[in-house]
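J.: Take a look at the following structure, please.
The values are calculated or read from the model by the stated rules, or taken from the named source; none is laboratory data. This one's a predicted model, so the numbers in the text were calculated from it and none came from an experiment. Here the Cβ is made from the backbone with ideal geometry for all residues, glycine too, and neighbour counts use every protein chain on show. Surface areas here come from the heavy atoms of the whole protein model, side chains and all, with no ligands, DNA or RNA. Shrake-Rupley method; radii C 1.70, N 1.55, O 1.52, S 1.80 Å.
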Amino acid sequence: MADIGALEHLLKPVQALTPDVSIDEVARRFLLDEHRAFLSLPVVDAVQRPCGLISRYRLQDIFMRRFGRELWGTQPVSKVMNPAPLVLQLGTPFETAAAQVTTRLQYPVTEDFILVDGAGRYRGLGTVPHLLKAMEARLLQRNQALQHTLEDLKQSQAQLVQSEKMASLGQMVAGIAHELNTPLGYVGNNVDLLRELSAPLFALNEALAHLSAYLGDPATDEEALAHALEAADAARRAVDAGTLAEDFRQLLEDTDYGLRQISELVGGLKDFSRLDRAPSDDVDLNDCVRAALLIARNNLKGRVEVRQQLQALPPLRCAPSQINQVLLNLLNNAAQAMDGSGIILIKSWADEAQVHLSVEDNGKGMTPEVLERIFDPFFTTKPVGEGTGLGLSISYRIVRDHGGTIRVASRPGRGTRFLITLPLRRAADAAEAGAAPAAPLQREIEHA
Ligand SMILES: Nc1ncnc2c1ncn2[C@@H]1O[C@H](COP(=O)(O)OP(=O)(O)O)[C@@H](O)[C@H]1O
Ligand SMILES: [Mg+2]
């Protein structure tokens, strides 16, 4: 693509005047076709250096005066020219040139500008309309480049958001796999045991079948019958009906329990992702809390005690999978803020207009400097591989998209509390219903 920004592009090789050319002659030149497009004509000295510029405007001014033509017509142009026209070197950066032209030239524009080479010798004229056109084209080019950059940025942002999602998904899957392992393990063991324990029952069944075949056959001899009887009795003795029944009951009960746990976990997973199918649903936020806790359980188990104070909540129109992502990140952050063990307290409550949810931990807390930056994309205090620094910036965006606010208070060494407030009616819904629009969004950071 041609470099629209180069001054060469604007150069018009207009023949220059010498200082001794008469004013009448100048007027005649202005009438020439080749000079029609120019407001002014350049004047150069013997070594081709520009020494002035004469404009149509100036000529008109002279000739309109009383006796102007008679008095001035034969005078040299040097008498009336502008001795300090705007001169630009061809190599001047386009932006600088444009800035000089626009500040120096008068409004209305009455002159063109002179272009010289590196040695200061006259090369031609440039006109303001051409300059404006070139600037416009250049802006357009810039705009397109910016547009591309913006699109690239958007794309990489989307990728990053995706990778944070994948990271928490990975954590989640690892957690769930771990959770599933325990019940799967003992359900498997129980099945093995049941198989072992049921073997004598099958043997007994077989012995009894034999016996009954002999009994039903009139040709059976005494000795064979006695054998069959003995075998059946031995098989019966091998089965301790009392303990066996108790063992079976116990094993089946355990297996049942394990299967229930498995299906609870799978149900939780479904709850967690159900929502992608219905991006906006009426949801009980407490269900989201429970789903997120189930998913985060493996990360929390053993070292973190979770206390829940969940009050009954009205249904909330939201994208639950997104809200779950926010909760999961808050829970993981809280767990990561603890050296060793700690407590996470989750509270939820509602008023007429809003649902509130707070997640509080007694972890290491944050300094005011950290607190200021936690919602910034990529801000993390965690080692590579542990933190992407995107969790809270994504959470912030999700909560904002829901018309809500996210606030945080923290004290180093004491702990941190995040408070999420979501409106029951979104601004748009409220407008539909004729109610007042919700208060403007704001991001609030409190220092405890
Ligand atoms: N509960 C918390 N306690 C202490 N610091 C926290 C807590 N939650 C977030 N932070 C701080 O905020 C930073 C940004 O969090 P986040 O955006 O989730 O990214 P990441 O967890 O990947 O670092 C964390 O690195 C941490 O310094
Ligand atoms: Mg995080």
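J.: Rounded to the nearest 20 debye, what is the charge dipole size of the chain about its Cα centre when +1 sits on each Lys and Arg Cβ and -1 on each Asp and Glu Cβ?
T.: Using only the charged Cβ atoms, the result is roughly 3900 debye.
J.: Comparing L71, L146, L115, which has the greatest mean-square fluctuation in the GNM of the chain with Cα pairs linked when under 10 Å apart?
T.: Evaluated over the chain, the most mobile residue of the options is L71.
J.: Now for a separate question. Sort I343, I406 by accessible area with a 1.4 Å probe, largest first.
T.: So the residues, ranked largest to smallest area, are I343, I406.
J.: Using DSSP loop states and a limit of at most 12 other Cβ atoms within 10 Å to flag chymotrypsin sites (Phe, Trp or Tyr not before Pro), what is the longest stretch of the chain containing no flagged site?
T.: Of all site-free stretches, the longest is 68-377.
J.: Under a point spin-label approximation (7 Å from Cα along Cα-to-Cβ), what is the E264-Q159 distance to one decimal in nm?
T.: Distance between the two pseudo-spin positions: 4.2 nm.
J.: Once you order the gyration tensor axes a ≥ b ≥ c over the Cα atoms, which shape class does the range 1-79 get: rounded for a/c under 1.5, otherwise prolate or oblate by comparing a/b with b/c?
T.: prolate
J.: Okay, moving on. Ranked from highest to lowest mean number of other Cβ atoms within 10 Å per residue, what is the order of the peptides 220-227, 96-103?
T.: 96-103, 220-227
J.: Can you tell me the order of 320-330, 40-50 when each peptide is scored by its average per-residue count of other Cβ atoms within 10 angstrom, highest first?
T.: Top to bottom by mean Cβ count within 10 Å: 320-330, 40-50.
J.: Moving to a separate point now. Take a quick pass over the chain and tell me how many lysine pairs come in under 23 angstrom between Cα atoms, counting only ones 8 or more apart or on separate chains.
T.: Lysine pairs meeting both conditions in the chain amount to 11.
J.: Whose amide H sits under 5 Å from the amide H of R123, counting only residues 5 or more places off or on another chain, with H placed in the peptide plane?
T.: L115, V116, D117
J.: Convert each backbone phi in the range 76-87 into a coupling constant with the Karplus relation 6.51 cos²θ - 1.76 cosθ + 1.60 (shift: θ = phi - 60°), then list the ³J(HN,Hα) values in order as whole Hz, x for Gly and Pro.
T.: Along the range 76-87, the couplings run x, 4, 4, 6, 10, 6, 7, x, 10, x, 7, 10 Hz.
J.: While we're on this one: Show me, for the range 412-422, the HN-Hα J-couplings you get by feeding each phi into the Karplus relation (A = 6.51, B = -1.76, C = 1.60, θ = phi - 60°), rounded to Hz, glycine and proline as x.
T.: Listing the rounded values in order: x, x, 10, x, 9, 9, 9, 10, 10, 10, 10 Hz.
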